Structure formats: structure tokens, C-alpha cells
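The values are calculated or read from the model by the stated rules, or taken from the named source; none is laboratory data. Nothing here was measured: the structure is a model prediction, and the numbers come from that model. We place every Cβ from the backbone using ideal geometry, glycine too, and count neighbours over all the protein chains shown. Protein only, heavy atoms only, side chains kept; ligands, DNA and RNA dropped before computing areas. Shrake-Rupley method; radii C 1.70, N 1.55, O 1.52, S 1.80 Å.
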Amino acid sequence: MNEMATASAMATGARKRIFSGVQPTGHLTLGNYLGAMRRWAEVDQHRADALFCVVNLHALTVEHDPARVRRLSRQAATLVLASGLDPELCTLFVQSQVDEHLRLSYLMECTASDGEMRRMIQYKEKAAREQGRGGSVRLSLLTYPALMAADILAYGTDEVPVGEDQAQHVELARDLAVRFNQRYGATFVVPKAVTPPVAARVKNLQEPTSKMGKSQDRTAGVVYLLDEPEAVRKKVMRAVTDSEPDVSYEPERRPGVANLLEVLAACAGSDPERLAEGYDSCGALKKDVAEAVVETLRPVQARHAELAAEPGLVDAVLLAGAERARGLARPRVDAAFEAIGVLPGR
Ligand code: AMP
Ligand code: TRP
């Protein structure tokens with residue numbers, strides 16, 4: 001077995017390892033659900049040793065209110081459980097409760113270059129937004145992909161299921177794993193991003209050329225997972241389309257209509273092109289999208305209400321998850337410290 005294969009076997013045993021995360025920077029959206037969370041529950045936790053993380057340290061990279069981040073962290077954990085994660089099948093935890101993420105993040109900063117961090121699209125966009133609001137850009141916003149790489153690499157992760165917006169960050173984590181291994185010896189598994197076939201990038205209903213994001217100002221175009229059915233219907237019925245009366249799937253030319261078709265396809269388990277043939281007006285399409293979204297969210301909201309009524313339960317799941325995660329991450333992070341030239345401390 002060559003060195004890389006050994007590193008991989010050490011990481012996974014027979015099963016694949018999956019890692020993904022969600023930031024508690026705002027209320028979770030339909031984009032989070034269709035682009036990531038739903039597959040974590042329906043597919044990933046059954047096919048691999050999967051870890052899911054509420055990445056609260058990432059939420060400190062932009063202006064934040066401590067009490068709100070605390071509240072949103074518990075809410076995000078509750079919502080991913082409500083979307084179907086089973087703590088018997090997978091590991092759910094909060095990033096800050098496992099020190100290995102921060103330890104390894106520093107080594108990733110010592111592996112990455114300043115230039116590759118500055119090239120990240122999300123950094124450029126978020127930095128521009130913060131500056132536009134008259135605020136300053138936190139240094140941690142620039143170094144954020146180093147922490148994200150640490151999240152992934154600490155666990156010997158093979159696959160990272162994410163929406164399309166995160167593909168560039170996962171690509172960077174890959175580059176850092178390869179570089180570290182070349183410089184200091186086989187330590188990390190080289191991970192790859194896995195994006196969903198549809199709804200990899202759900203767009204804002206009011207601005208269908210940009211992502212439906214949870215910390216956006218244009219909330220009229222954002223469907224939140226905890227929105228009441230009436231609110232969902234209103235947002236979908238008011239979605240921006242175009243002046244053409246019919247329905248066709250042409251993402252470049254007709255982004256608004258394409259977004260609605262993609263959401264419907266993701267909710268109904270179909271494909272957007274085929275669905276387009278069944279409609280001759282945007283009004284009829286919107287009605288079906290609204291109902292499909294309401295029905296998709298209904299079980300998640302019901303389960304969320306049950307879990308929220310028992311707050312001790314979510315905390316217990318998170319503590320057990322952190323303990324398991326710590327045990328998995330520590331040997332590899334210790335090995336990385338030793339490989340890079342730090343005297344062993346424990
Ligand atoms: P974030 O909200 O940035 O913490 O993202 C958590 C997960 O949801 C990541 O895998 C993202 O790629 C995914 N995600 C976020 N927004 C969207 C969206 N509008 N469409 C598809 N996936 C998304
Ligand atoms: N940066 C990701 C996002 O904004 C969240 C995240 C942090 C993540 N660490 C991760 C996702 C590790 C996958 C794997 O969505």
C-alpha cells in the first residue's frame with residue numbers, strides 16, 4: 001500500500017467518511033435545505049460515516065451579535081435534526097466544542113498562501129458587502145477557508161456534500177491537503193466536493209441571478225425553513241420572472257423561471273426541463289411551486305416544533321457528538337503537528 005492509500009485507509013476503515021457544515025449566521029433557508037441538508041438526511045447518513053457540524057466559529061467572521069449566534073447555533077442544530085438526521089446514524093456537533101478545528105486551522109494558515117485566500121469569490125463578495133455597509137473586514141473572513149479546510153481534513157474526509165457556492169472552498173481544502181502531504185508526508189485524505197444534481201444553487205426569488213442566502217437584505221425573496229405556509233405562498237407567488245407568457249427551462253436567458261422549475265424539480269424529485277413542458281403560464285407554475293415547497297417544509301417544521309419543546313435533548317445530542325468528533329480528530333491533528341515540526345506535547 002502506498003502512503004496515500006495508507007492515509008486513506010486510516011481515515012475511513014471500510015466506510016467512506018463524509019463531513020459537512022452549516023453556519024449559524026442567519027435563519028436557515030430553502031437553499032440550505034435543498035442544496036445540502038436534505039441529502040445529508042436522506043442519503044449521506046445512510047451511506048457513510050457522516051459528521052455534520054454547526055460551524056459557529058465561522059459565524060464570527062462577520063459582524064455578529066453574541067446572543068444571536070448562540071440562539072442560531074441551537075436553532076441550526078435543531079433544524080438539521082428536524083430535517084431527518086438521526087444521531088444513531090451520524091455525528092452532529094458544534095465546531096467550537098472540538099478544539100482540533102482551531103489547532104489545525106493554524107497549520108492550514110501555514111500551508112496556504114495569502115494570494116489563494118484573496119482569490120476566493122465568497123471573500124471578495126462578502127468583503128465588498130461589509131465595506132459597502134461602512135464596516136471593516138475582519139481578518140478571519142480572509143483566513144476562513146483555512147478553518148474550513150481544517151474542519152474537513154481533521155476527519156480524513158472523503159466527500160463533502162455542499163451547495164455549489166462552497167465548491168471553491170472545498171477545492172482549496174484539496175489543494176492544501178495535497179501540498180501538506182507533499183511537504184511533510186502523507187497525513188491527510190484528499191477530499192472532494194459533492195453537489196446535488198438539481199438545486200445546487202437556489203436563487204433569491206426577488207433577484208434570480210443571485211443566491212438565496214440566509215444573511216441577505218432582500219428577505220422578500222428568501223424562503224426560510226420556519227416560514228408559515230402563507231408566507232411561503234406569498235413569497236413564491238411574488239417571485240420575479242420575466243415578461244414572456246409561457247414556461248421554458250433556459251437558465252441563462254430566463255433565470256427567474258428556471259429557478260422556480262429547479263425548486264419544483266428538487267421538491268418533486270423530477271427534472272426541470274421535463275417539468276417545463278407541463279406548463280403554459282408562470283402563474284400555474286408558481287402555484288405548484290408554492291404548494292410543493294409548503295409540503296416539503298411541513299414535516300420539517302412539525303419535527304422542529306417537537307424538538308424545540310425539549311431543548312435538553314438537542315444539547316445532549318450535541319455533547320455526545322462533540323465527544324465522538326474529538327476522538328476522531330485528535331490523532332490526525334496530533335500527527336499533523338508532529339509532521340510539520342512541532343515537538344509532541346502530549
Ligand atoms: P451556509 O448557509 O453558507 O452555511 O451553507 C450551508 C450549506 O447550504 C452549504 O452546503 C451551502 O452550499 C448550502 N447552500 C446555502 N445556500 C444555498 C443555496 N441558495 N442553494 C443551494 N445550496 C445552498
Ligand atoms: N463555509 C460553509 C458555508 O458557508 C460552511 C462550512 C464550514 C463547511 N466548514 C465546512 C461546509 C466544512 C462543508 C465542510 O456553507
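Counting protein heavy atoms only, the chain has 52 percent of its accessible area on carbon and sulfur, 1.4 angstrom probe.
Amide H to amide H distances under 5 Å link ASN204 with SER210, LYS211, MET212, where only residues 5 or more positions off or on other chains count and H is placed in the peptide plane.
Checked against a 31 Å cut-off, the cross-linked pairs LYS214/LYS287; LYS211/LYS287; LYS124/LYS235; LYS124/LYS287; LYS16/LYS124; LYS124/LYS192 give Cα-Cα distances beyond that limit for LYS124/LYS287; LYS16/LYS124. With the biggest extent put first, the Cα atoms of the range 229-306 measure 43, 23, 19 Å across the principal axes. Electrostatic tally near PRO66: other residues with Cβ closer than 15 Å to its Cβ, Lys and Arg +1, Asp and Glu -1, net +3. For the range 260-276, 3J(HN,Hα) computed residue by residue from phi via the Karplus equation (6.51, -1.76, 1.60; θ = phi - 60°) reads 4, 5, 5, 4, 4, 4, 5, 5, 9, x, 10, 10, x, 5, 5, 4, 4 Hz, glycine and proline entered as x. Karplus-based coupling profile of the range 319-329, in residue order and whole Hz: 5, 5, x, 5, 4, 5, 4, 4, x, 6, 7, with θ = phi - 60° in 6.51 cos²θ - 1.76 cosθ + 1.60 and x standing for Gly or Pro. Between the range 157-174 and the range 93-141, what is the separation of their alpha carbon centroids in Å? Centre-to-centre distance over Cα atoms comes out at 15 Å. The DSSP beta bridges internal to the chain are antiparallel in roughly 20% of cases.
On the beta carbon distance between ARG274 and ILE340, with R0 = 45 Å, the FRET formula returns roughly 0.30. The helix-based estimate of mean residue ellipticity at 222 nm for the chain, built from -39,500 (n - 2.57) per DSSP H run of four or more residues and divided by its residue count, is -16000 deg cm²/dmol to the nearest 500. Does the range 169-251 come out rounded, prolate or oblate by the C-alpha gyration tensor, with a ≥ b ≥ c the root eigenvalues, rounded set by a/c under 1.5 and, if not, prolate when a/b is larger than b/c and oblate if not? Because a/c hits 1.5 or more and a/b exceeds b/c, the range 169-251 counts as prolate.
Rounded, prolate or oblate, given the Cα gyration tensor of the chain, with a/c below 1.5 counting as rounded? Judged from the Cα gyration tensor, the chain comes out prolate (a/c at least 1.5, a/b above b/c). Less than 5 angstrom separates the built amide H of LYS16 from those of ASP49, all sequence-distant by 5 or more or on a different chain. Amide H to amide H distances under 5 Å link GLY21 with CYS53, where only residues 5 or more positions off or on other chains count and H is placed in the peptide plane. Label reach from GLU125 (point 7 Å along Cα→C-beta): in the range 172-207, amide nitrogens under 14 Å belong to 200-205, 207.
Backbone phi angles across the range 21-36, fed through the Karplus curve with coefficients 6.51, -1.76 and 1.60 (θ = phi - 60°), yield HN-Hα couplings of x, 9, 8, x, 9, x, 6, 5, 10, 4, x, 4, 5, 6, x, 9 Hz in residue order; Gly and Pro are listed as x.
The GNM of the chain, with springs linking C-alpha atoms under 10 angstrom apart, assigns the highest mean-square fluctuation among VAL236, VAL137, VAL257 to VAL137.
For the range 229-306, the per residue solvent-accessible surface stands at 51 Å², with DNA, RNA and ligands left out and a 1.4 Å probe. With the Cα gyration tensor of the range 271-346 giving a ≥ b ≥ c as the square roots of its eigenvalues, does the rule (a/c under 1.5 for rounded; else a/b larger than b/c for prolate; else oblate) give rounded, prolate or oblate? Judged from the Cα gyration tensor, the range 271-346 comes out oblate (a/c at least 1.5, b/c at or above a/b).
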